[in-house]
Structures are given as structure tokens and as C-alpha cells.
1. I'm trying to understand the selection: among the residues of the stretch A:224-247, which are within 15 Å of the chain's Cα centre (by Cα) and more than 11 Å from the ligand (Cβ to nearest atom)?
2. Given A:ARG184, A:ARG148, which one is at pLDDT below 95 and either more than 19 Å from the chain's Cα centre (by Cα) or basic (Lys, Arg) (or both)?
3. From the list A:ALA170, A:ALA158, A:ALA140, A:ALA129, exactly one residue is part of a helix (DSSP H, G or I) and among the hydrophobic types (A, V, I, L, M, F, W, C). Which is it?
4. Quick check on my filter: what residues within the stretch A:257-276 are facing chain B (nearest Cβ under 9 Å) and closer than 22 Å to A:HIS210 by Cα?
5. Which ranges mark the helices (runs of 4 or more DSSP H) fully within the stretch A:190-281 that have 2 or more residues being among the charged types (D, E, K, R) and modelled with pLDDT of 95 or more?
6. I want to confirm something. Restricting to the stretch A:288-313 and keeping residues that are in contact with a helix residue (DSSP H, G or I) (Cβ under 6 Å, 6 or more places away or on another chain) and free of Cβ contacts under 8 Å to residues at least 60 places away in the same chain, which single residue is nearest to B:VAL239 (Cα to Cα)?
7. Residue by residue through the stretch A:152-203, note down the ones that are surrounded by 16 or more Cβ atoms within 10 Å (Cβ to Cβ) and either at positive phi or within 16 Å of the ligand (Cβ to nearest atom) (or both).
8. Check the stretch A:135-145 and report whether any residue there is surrounded by 14 or more Cβ atoms within 10 Å (Cβ to Cβ) and either polar (S, T, N, Q) or not assigned by TED's automatic domain parsing to the domain that holds A:ALA7 (or both).
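The values are calculated or read from the model by the stated rules, or taken from the named source; none is laboratory data. What you see is a predicted model; the values in this text were computed from it and never measured. All Cβ positions, glycine included, derive from the backbone under ideal geometry; neighbour counts span all protein chains shown.
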Amino acid sequence: MASLVIAEHDNAVLKDATAKTASAAAQLGAPVHVLVAGYQCGAVAAAAARLPGVEKILIADAQAFARMIAEPMEQLIVGLAPGYDAILAPATTNGKNYMPRVAAKLDVPQVSEILAVESPDTFRRPIYAGNAIQTVQAPAGKKVITVRTTAFKPLEGAGSAPVENVAAPADPGISKFVSEELSRSERPELTSAKIVISGGRGLQSGENFHLLEKIADKLHAALGASRAAVDAGFVPNDYQVGQTGKVVAPELYIAVGISGAIQHLAGMKDSKVIAAINKDEEAPIFQIADYGLVADLFKAIPEMEQELTRLGY
Amino acid sequence: MKVLVPVKRVIDFNIKVKVKGDQTGVDLSNVKMSMNPFDEIAVEEALRLREKGNATEVIAVSIGPQAAQETIRTALAMGADRGILVKAEGDVEPLAVAKILKAICEEEKPGLVILGKQAIDDDSNQTGQMLAALLGWPQGTFAHKIELSDAAISVEREIDGGLQTVELKLPAVVTTDLRLNEPRYASLPNIMKAKKKPIAEKTPADYHVDATPRLKVIKVTEPPKRRAGVKVKTAAELVDKLKNEAGVI
Ligand SMILES: Cc1cc2nc3c(=O)[nH]c(=O)nc-3n(C[C@H](O)[C@H](O)[C@H](O)COP(=O)(O)OP(=O)(O)OC[C@H]3O[C@@H](n4cnc5c(N)ncnc54)[C@H](O)[C@@H]3O)c2cc1C
């Protein structure tokens, strides 16, 4: 039988979390199908059809799926489950929301946020904020898996999978979407950016994040934050990097005015290169930083900006 | 309306765990254990609903070893009315917890179950969603703000792109995110009062649930270690290193 990957998208654009999840699914060894559940999402299905290594695209186009609300998503996926050995979704807030419902309905344990596929039933996943890595074997039967997308690279190449319509089950009618307040930004997405610059409590105010924005603009970086900076209202909640926020693994992560609590490290310690600017030389962030600058950020950041300008960034 | 709040006993969030030499798990002997921080937020939210007159009773449930009774006492000291301890040794997976909670919901008939979005030990982020599915109830996960009306609850959720509001028919399941509230501390008089509040003791068998784990843990290992690198003296030197040594800008 095959593996089913649930696509991450916003009805217009296929998110790269899908390609990474498909890459994890390919390691299970069975043919990979992708389900695009959304509303007026034909362009997304067409994009999914071009993913390498995918044999078939299923599209379920109905208003109930417009925001991937958990209850209708559960019905749709559980309905398709008899045809699949494994169902995988990216560990985005969407995947985390609907997948455990699917697992419960199928009466199987979910394997959350896998980092690696050891064999078709054995996976590695982080526990305790990534301070330990568990190797777990799922029981015989269907596998329900969420994937930490930073741990998988999309497959190379291009495909041309056929797109097939699937019927949408009736909306259970117990939940409804009301509104959304999305942070708009011209910058790259936090979870897929090559460079991330994050600010912490040391920034002191939302205003001061403009200092980081100037650097972000020069480096085409995404902006992130610690929990303390989000709790204090400096930046929106979706900036939070960490155990209970977003997990990032860019080429370069620059932590500014962030102490380096284990919960924060959980979200960024797999970055290729880490730079830290902190006025406290004892800050734990320096224990994992490749480049550390002990300095007052209000002096160091403008200097960094000047230097970048001088070098033509 | 009753509100049910499941609470889990976990390693304190301030403690960095050590992986055992024999790779069977992490060392939990003699480390500080506390209520899962997201569950404290859940207890707080339930208490606020009762204080506003939206809820009549707050019931704290814990599934775990005898020592999980302390976690229930913490919830009672914060202000919960009574507790249920379902005694189970070792790891109890989210699906088994959800099945036990389902049986408790069928007995107690709460209008709302508020859980933490994830436990900081196994980081699964599953139990609330599984419970909702088993009951056929709607869910509002990663709650940032909730508002209760007669037959419905509006939940503002923290999502990857920002915030999303959904409206759910009651009864429903809510899971908490960090910004929902700031949990109160238990006052000394309330800690004393909590000692007299009732805690019922049960077992998974009382609810006809087999709590044996179904995932097999092959091993638990340390993550790859990162080493401290070099200190630079100026911002210009940092830029130079990032450009010419690391080649990342
Ligand atoms: C259940 C739970 C979940 C959590 N999840 C997360 C999570 O997902 N992500 C997360 O980040 N945290 C999380 N936390 C919080 C975490 O424990 C820390 O409290 C938080 O990361 C601290 O943020 P910070 O480093 O910005 O603040 P602080 O720890 O206060 O550090 C501020 C730093 O700024 C430095 N500084 C101050 N002024 C300057 C200056 N002028 N120039 C240079 N440096 C300066 C200081 O030296 C200090 O090191 C969680 C906590 C709990 C309990």
C-alpha cells in the first residue's frame, strides 16, 4: 500500500513543508500520494503534482477545508485511511491540530515530530525539548506521523503526478472558522529562511526590533524572537522560536539579547551557524554559539548595520 | 457547567535532563517534579471561568504514579474543587490518557475540558486532540483567548501565521498556549484548605482502559553536542567571520 502526505498550503501556495514531508514519506519505501485539502486550491494541487517522487495527488476542494479546521479534516483523512499504510503531516500548527484526531479515530498511537526514519516502522524523535532523542518503533498497523520539516530535505527533480478528485464528506458542523489575523511581512518565512535574526528580552521594546529589521532587510533574513519578547508584547506570537514555538534550522541564526534557555535552544540549536550578541559573557547562549560577541546590543547592532552597508549589503 | 482539567506531573521546566548511560530513558531520580506549565495555565483558565460564574465546579484529574497526587494537590491549592487520581506506573501514552479521560467525561459530563497543549517531557502535543476525537467534540487548540457564551465557545488560537478564531459548539475541548493567562500562585491558606479537598483514587481498569504502551522505545540517546566557538571583539569582526570564515552571508 501507499503513504499519504497531507499538504500544507494557504489555498494559493504550496508550502515547502509539504515537499519535506513527502521526502520523509519516501523513506518509508511505499508509493507517496499527496492530499491537497482546501478551497479553490487547484493551483496548489498543480504545484503538488510537480513534486518529485509523488505518484498521485488527491484534491478535496470544499469550503469546509478552507482553513484546515480540525474536525472536517479528521473526517476526510479517516475516510481515506483504508487505502494507506502510513499517513504523514508536517508538524505545523495545522498538522499538530488535525493529526492526533486521525490517530485516535484509527486507534493507533501517533509518532510526533520525527527527525529521522530508521526503518518503515522505526523513527527518531526529540523529547524533553530536544535534550534527548528517542528511537521508537510503532506497532503493526497504520502509522500516523508528524514530521519535523527542518530535519528533511526536499527530494531533487520534478514529477508530473496525476490529480484525482476525492469527495468531501459532510462537515460535522460542530466548529466554524470565524476570523484570522495574520502577520504580514515581505520577509522570508521563519521556518524556511536561510538566515534568521531573533531578539529577546534584551531588546526592551517592540520599537527596538526595528534595529533588527534593518539587518534582516540587508541579509534577506526572517525575524524571530524568544518567548520573553513575545510575552512582553514586543512582537506577535508567531515569531516565537523554541520548544513550544517554531523550530528553525537556517544556515545562520543570530540571537540578540537572548539568554539561551533550554526551551529557546530547542528551537534553533540545529542551525548550521549560530552567532550571539549578549552583554552578559556568562549567558548560556554562548555555550552553543559558533561566534559570540559580548557587547551591548544597542551599540553592536548599529555597528553591524554600518559594516554591512560598507560592504555593500 | 463542570470544567475538567487534566494535569500531568513532569520534570520541572528549569531542569536539564540527563540521558541514562544504558540508553533506556532519562534520569528522573532525585529531580524536582512539577505540574506541566501548560496545565497550570489550564487550571487558571478554569478557575477564572468559575469566578466569572461560567463554571460551577473545577475537577483536576491526573493519570500517573501515586506521587501525581501532589500535582492534583497543587491544582486544588490554586482553587480546583476536587481531584481524581488514576494510578498508573510508567509511561502512559497520549492515546491511553485520552481513553481514560473520555470515560471520565462520560461519568462527569463536563461542558468543557481544558488541557495543556503539550507536556514538556514527551512533547507529544496529542492528548487534547485525541480526547476531542474520541468524544466527537470540537477542539480549540493552542488557545490564546477564550470567550464563553450559552451554547458555544469562541477560541482565539496561536497558529503559524498569527491568530485564528474558531467558534465551537459545547461541550468542547480547549488546549492552552502560553499567552492565555498567567497562572496564580497558591496562597498559604489555600494550600491548607486543599489538604481537605477530596481526591478519588482510580485505576485504568476502572475505566476499562489498557494503559500498556503501544510504541516500543528502542533507545534514548543524547542529541549531537554543539561546542562553544570563538568570541569576537567587535561587530565588524563578527560580520567578517560570518562572511569570510563561515560563508553564510
Ligand atoms: C512551558 C514553557 C515553554 C517555553 N517555551 C519557550 C519557547 O518556545 N521559546 C523560548 O524562547 N522560550 C520559551 N520558554 C521561556 C524560557 O524558559 C525563557 O524564559 C525565555 O527563553 C527567555 O527569553 P530571553 O532569553 O529573551 O530573556 P532572558 O532570559 O531575560 O534573557 C535576556 C538576555 O538579554 C541580555 N541583554 C539584556 N540587555 C542587553 C543589551 N543591552 N545588550 C545585549 N544583551 C542584553 C541579557 O544578558 C540576557 O541574557 C518557555 C518556558 C516555559 C516554562
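1. A:ASP238
2. A:ARG184
3. The conditions single out A:ALA129.
4. A:ILE274, A:ALA275
5. A:209-219, A:227-231
6. Ranking the candidates gives A:GLU307 first.
7. Hits for the stretch A:152-203 are A:LEU190, A:THR191, A:VAL196, A:ILE197, A:SER198, A:GLY199, A:GLY200, A:ARG201, A:GLY202, A:LEU203.
8. yes
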